[in-house]
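Participant: Have a look at this one.
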Amino acid sequence: MISTLLIVVVILAIAFDYINGFHDAANSIATIVSTKVLTPFMAVLWAALFNFAAYFYFTDHKVANTIAKTVLEEYITLEVIFAGLVAAISWNLFTWYYGIPSSSSHTLIGGFAGSGMAYAWITGANPFLAVNQSAILKTVSFIVLAPVLGMLISIIITLIIMNLAKRARPAVAEKWFKICQLISSAALSFAHGGNDAQKVMGIIATALIAEQVIPNFEAMPAWVPLSCYIAIAAGTMSGGWKIVKTMGTKITKVTPLEGVAAETAGAVTLGVTEHFGIPASTTHTITGSIIGVGVVKRVSAVRWGVTISLLWAWILTIPVSAVLGGLSLAVIHFIL
């Protein structure tokens, strides 16, 4: 029989996916809005459409499998998953309220890991043995690698485009860059949906396994990925305007040419990480890509003070979420 807590956990996970959508909407639409290629309303519709379209392509669910293995099976209970989701939602809403583009992926991983470690400590086990250290290390390494890859790829793409378009008339080039930005923005939204929706799929599948509703990850029912893609697309349609301002204007001024380069670089990086099952941050990736196009103009074109503030948010997200997850689990444990 399905327990009430399992239903609550599934609803909470889908709610987190929705929040992930509007929290991370800025990643997909910031550059296309700041360059005025689309209005904010049309931009979120465009992004949401391709968020959901990823459902039909990303069927291997490698990222979801990685998330599911964050905490070792013997330390996973519904209470652990519930506490991790409470922590992740709390940090996401806090950073969204203050317009900080933190990683929804990392807060989910941090919250889940923290609650698992707290459960191990409460039951008398070594907390550090409760988590899959290789999975955590892989995720943490991409706090650095994802934005660096995004930056390098965006620099290369920008230089290639500038070289190809150097003889074109500015007005004609501008027109084509705006058309291309529709494509690159769609590609980024597609990759964002495929990468981020899977993280909640992994959490829901873990809850179903913990309650013995399904025997293993491979038996995940079809409604799980479908509901996750619908939730993230719906969240994206809700926007995230405070973070759009940070991503689209505060890091560096972005032209349609640079928007194409940044979005394409972000899509390529996320596609590569999804292929290898790495839960990389869309936020970190596109931020690095935007920095890359700014650096091509000149180093001083990037507002480094803003990027340093973002870096602190990136560094703090996993440990803060882990602490919140641990505290949430402790409260739940003593109440129940």
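Participant: Report, ordered by the first and then the second residue, all pairs with beta carbons closer than 7 Å, sequence separation of six or more or different chains, a first member in segment 170-195 that is within 25 Å of Thr285 (Cα to Cα), and a second member that is not in a helix (DSSP H, G or I).
Facilitator: Note: pairs meeting the criteria are Lys178/Val37; Gln181/Thr35; Gln181/Val37; Leu182/Val37; Gly194/Tyr57; Gly194/Phe58; Asn195/Ala280.
Participant: Something else: Consider segment 72-110. How many of its residues are surrounded by 24 or more Cβ atoms within 10 Å (Cβ to Cβ) and farther than 14 Å from Phe22 by Cβ?
Facilitator: Adding up the residues that qualify gives 15.
Participant: I need the full set of residues from segment 59-71 which are surrounded by fewer than 23 Cβ atoms within 10 Å (Cβ to Cβ) and outside any helix (DSSP H, G or I), in order please. Working first, answer last.
Facilitator: Let us first name the residues in segment 59-71 that are surrounded by fewer than 23 Cβ atoms within 10 Å (Cβ to Cβ), namely 59-60, 62, 65-66, 69.
Across segment 59-71, the qualifying residues are Thr59, Asp60, Lys69.
Participant: Okay, next question. If we scan segment 132-141, do we find a residue that is over 30 Å from Gly294 (Cα atoms), β-branched (Val, Ile, Thr) and open to solvent by 70 Å² or more (accessible area, probe 1.4 Å)?
Facilitator: Within segment 132-141 (the criterion being over 30 Å from Gly294 (Cα atoms), β-branched (Val, Ile, Thr) and open to solvent by 70 Å² or more (accessible area, probe 1.4 Å)), the answer is no, since none of the residues qualifies.
Participant: Continuing with the same structure: Looking only at segment 89-105, count every residue that is in a helix (DSSP H, G or I) and either modelled with pLDDT of 85 or more or of a type in the set (Gly, Ala, Ser) (or both) and tell me the total. Give the derivation first.
Facilitator: First pass over segment 89-105, keeping only residues in a helix (DSSP H, G or I): 89-97, 104-105.
When the remaining residues are screened for being either modelled with pLDDT of 85 or more or of a type in the set (Gly, Ala, Ser) (or both), the result is 89-94, 104-105.
The number of residues fulfilling the criteria is 8.
Participant: Would you check which residues across segment 239-272 are among the hydroxyl-bearing types (Ser, Thr, Tyr) and at pLDDT 85 or above and list them? Don't jump to the end; show me each part of the working.
Facilitator: Looking only at segment 239-272, we keep the residues that are among the hydroxyl-bearing types (Ser, Thr, Tyr), and these are 246, 249, 252, 255, 264, 269.
Thr264, Thr269 - these are the residues of segment 239-272 that are among the hydroxyl-bearing types (Ser, Thr, Tyr) and at pLDDT 85 or above.
Participant: If you check Leu145 against the conditions, is it more than 23 Å from Ala205 (Cα to Cα), at pLDDT below 90, in a helix (DSSP H, G or I) and open to solvent by 60 Å² or more (accessible area, probe 1.4 Å)? Give the steps one after another, and end with the answer.
Facilitator: Working: more than 23 Å from Ala205 (Cα to Cα): yes; at pLDDT below 90: yes; in a helix (DSSP H, G or I): yes; open to solvent by 60 Å² or more (accessible area, probe 1.4 Å): yes.
Yes.
Participant: Go through segment 192-224 residue by residue and tally those that are under 30 Å from Ile29 (Cα atoms) and either among the polar types (S, T, N, Q) or open to solvent by 10 Å² or more (accessible area, probe 1.4 Å) (or both).
Facilitator: So the answer is 4.
Participant: While we're on this one: Report every pair of residues separated by at least 6 positions or lying on different chains whose Cβ atoms are under 6 Å apart, first residue within segment 218-231 and under 14 Å from Ala48 (Cα atoms), second of a type in the set (Asp, Glu) and open to solvent by less than 60 Å² (accessible area, probe 1.4 Å).
Facilitator: Cys228/Asp17; Ala231/Asp17
Participant: Answer yes if at least one residue in segment 152-164 is more than 19 Å from His275 (Cα to Cα), in contact with a Gly (Cβ under 6 Å, 6 or more places away or on another chain) and crowded, with 16+ Cβ neighbours inside 10 Å, and no otherwise.
Facilitator: The answer is yes, given that some residue of segment 152-164 is more than 19 Å from His275 (Cα to Cα), in contact with a Gly (Cβ under 6 Å, 6 or more places away or on another chain) and crowded, with 16+ Cβ neighbours inside 10 Å.
Participant: It is to be established whether one or more residues within segment 174-191 are among the aliphatic types (A, V, I, L, M) and modelled with pLDDT under 80.
Facilitator: First, pick out the residues of segment 174-191 that are among the aliphatic types (A, V, I, L, M): 179, 182-183, 186-188, 191.
Subset that is modelled with pLDDT under 80: none.
Checking segment 174-191: not a single residue is among the aliphatic types (A, V, I, L, M) and modelled with pLDDT under 80.
The values are calculated or read from the model by the stated rules, or taken from the named source; none is laboratory data. Since this is a predicted model, take the numbers as computed values, not measurements. Positions of Cβ are generated from backbone atoms using ideal geometry, with glycine treated the same way; all protein chains shown enter the neighbour counts. Accessible surface is based on the protein model in full, side chains and every heavy atom, while ligands, DNA and RNA are left aside. Shrake-Rupley method; radii C 1.70, N 1.55, O 1.52, S 1.80 Å.
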